[in-house]
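Written out below as C-alpha cells is the structure these notes cover.
Just so it is clear, none of the values below were taken in a lab; they were calculated from the coordinates. Quick caveat: nothing in here was measured; it's all calculated off a predicted structure. Cβ atoms come from the backbone with ideal geometry, glycine included; neighbour counts cover every protein chain shown.
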C-alpha cells in the first residue's frame, strides 16, 4: 500500500492554450465538431475518445463564452 | 454568512478523496490532478490535456494488465455553493493507452429527451447479441454490442467509482492492498457519496423532504 498523495496545484492555461487542447481533442476524436455535438445531444458517443474529446470541447465553449 | 468555498478548493478536496480511495484500495501512486477551465474543473491524469486517453495500472500484481481511466468534469451547482459532477468517465482496458478497451461507464447530467444520464458500453460480442443486432439493423451503419449504451441510472444513483473498484476485486481481477480494510474503505467512501446525493436531493425538493421527515418521525 502506498501513501496518499497530496493534491498538486491546479493547472491553469490561457485561452490560447485551451483552444489548442480543444483543437487537438477534436482531431484525436476522429469526428467533426458537429458530429461530436450530435453525439453529445443524446449522450451517445461512438467511442471513448469521442466522449473525452467532447468533455474538453464543451468546457472550452463554456469558458470562451465567459471570456468573450 | 460564511463565505462559500471556491470551486478550486472543492475540486482539490474532491480529487484528494479520489486519489486516496484509489491508492488505499487497488492502485499505487495514482495522482489525478485538477485543471481550471474557467468555471469548469477537470480531474484527470494529464491536467494539460484532459482528453488524453491514458489509464493507470490497477492492482499491484505486475502480471495483470489492467488499466483504469478516470476523468471528471466539475463545476459549482446553480446555488454557487456546492460541487457538482457535470460529467465523468470510468474506463477499463488492457493497455495504458486504453486501446484494448473492455468497457466504460459514461455519465453526463441532465440529458434531454429521456436519454439516460449514465450508461455502460461493453466492448464485446456474443452470438445472441449479434443475432439481435442483425435482425434489427435499419441503417447502413453496422451495429455492435460496443456501440450500445446500456442505461445504468440517473444523476443520484449512477454507478460510482466505489462500485467499479468492488467489481474488480470481487470478480478477482485484482487483489486489494488490504483485504480487511478494503470493504470498510469502500463502504465509507460510498456512504459519503450517498450522503452528498441525499443532501443534494433534499436541496432540490425541500417540500418532499419535509414531508418525509414528518412521516418518518
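Just a yes or no: is a residue in segment B:77-100 in a loop (DSSP other than H, G, I, E, B), within 7 Å of chain A (Cβ to nearest Cβ) and touching a strand residue (DSSP E or B) at 6+ places or on another chain (Cβ under 6 Å)? Yes, segment B:77-100 contains at least one residue that is in a loop (DSSP other than H, G, I, E, B), within 7 Å of chain A (Cβ to nearest Cβ) and touching a strand residue (DSSP E or B) at 6+ places or on another chain (Cβ under 6 Å).
Within segment A:37-51, which residues are out of contact with any helix residue (DSSP H, G or I) (no Cβ under 7 Å at 6 or more places or on another chain) and crowded, with 19+ Cβ neighbours inside 10 Å? Residues satisfying the conditions are A:43, A:44, A:47, A:48, A:51.
Residues in segment B:26-51 that are touching a residue at least 40 places away in the same chain (Cβ under 8 Å), within 9 Å of another protein chain (Cβ to nearest Cβ) and closer than 19 Å to residue B:167 by Cα: B:27 alone.
Among the residues making up segment B:77-98, a single one is without any contact (Cβ under 8 Å) to a residue 24 or more places away in the chain and surrounded by fewer than 17 Cβ atoms within 10 Å (Cβ to Cβ): B:78. When restricted to residues that are out of contact with any strand residue (DSSP E or B) (no Cβ under 6 Å at 6 or more places or on another chain) and at the interface with another protein chain (Cβ under 7 Å from one of its Cβ atoms), segment B:14-25 contains 5. Residues that are loosely packed, with under 13 Cβ neighbours inside 10 Å number at least 3 in the following helices (runs of 4 or more DSSP H) confined to segment B:132-217: B:179-204, B:206-216. Kindly indicate whether residue B:8 is assigned to a loop (DSSP other than H, G, I, E, B), out of contact with any helix residue (DSSP H, G or I) (no Cβ under 6 Å at 6 or more places or on another chain) and facing chain A (nearest Cβ under 8 Å). No: the conditions fail for residue B:8. Filtered by the rule that a residue be assigned to a loop (DSSP other than H, G, I, E, B) and either in contact (Cβ under 8 Å) with a residue 12 or more places away in the chain or under 24 Å from residue A:43 (Cβ atoms) (or both), segment B:52-76 gives B:52, B:53, B:54, B:55, B:58, B:59, B:60, B:61, B:64, B:65, B:66.
Condition test on residue B:71, is it under 27 Å from residue B:176 (Cα atoms), at the interface with chain A (Cβ under 9 Å from one of its Cβ atoms), out of contact with any helix residue (DSSP H, G or I) (no Cβ under 6 Å at 6 or more places or on another chain) and crowded, with 22+ Cβ neighbours inside 10 Å? Yes; evaluated as a whole, the condition is true for this residue.
Only a single criterion out of (1) crowded, with 19+ Cβ neighbours inside 10 Å; (2) facing chain B (nearest Cβ under 8 Å); (3) within 26 Å of residue B:155 (Cα to Cα) is not satisfied by residue A:21, namely (3).
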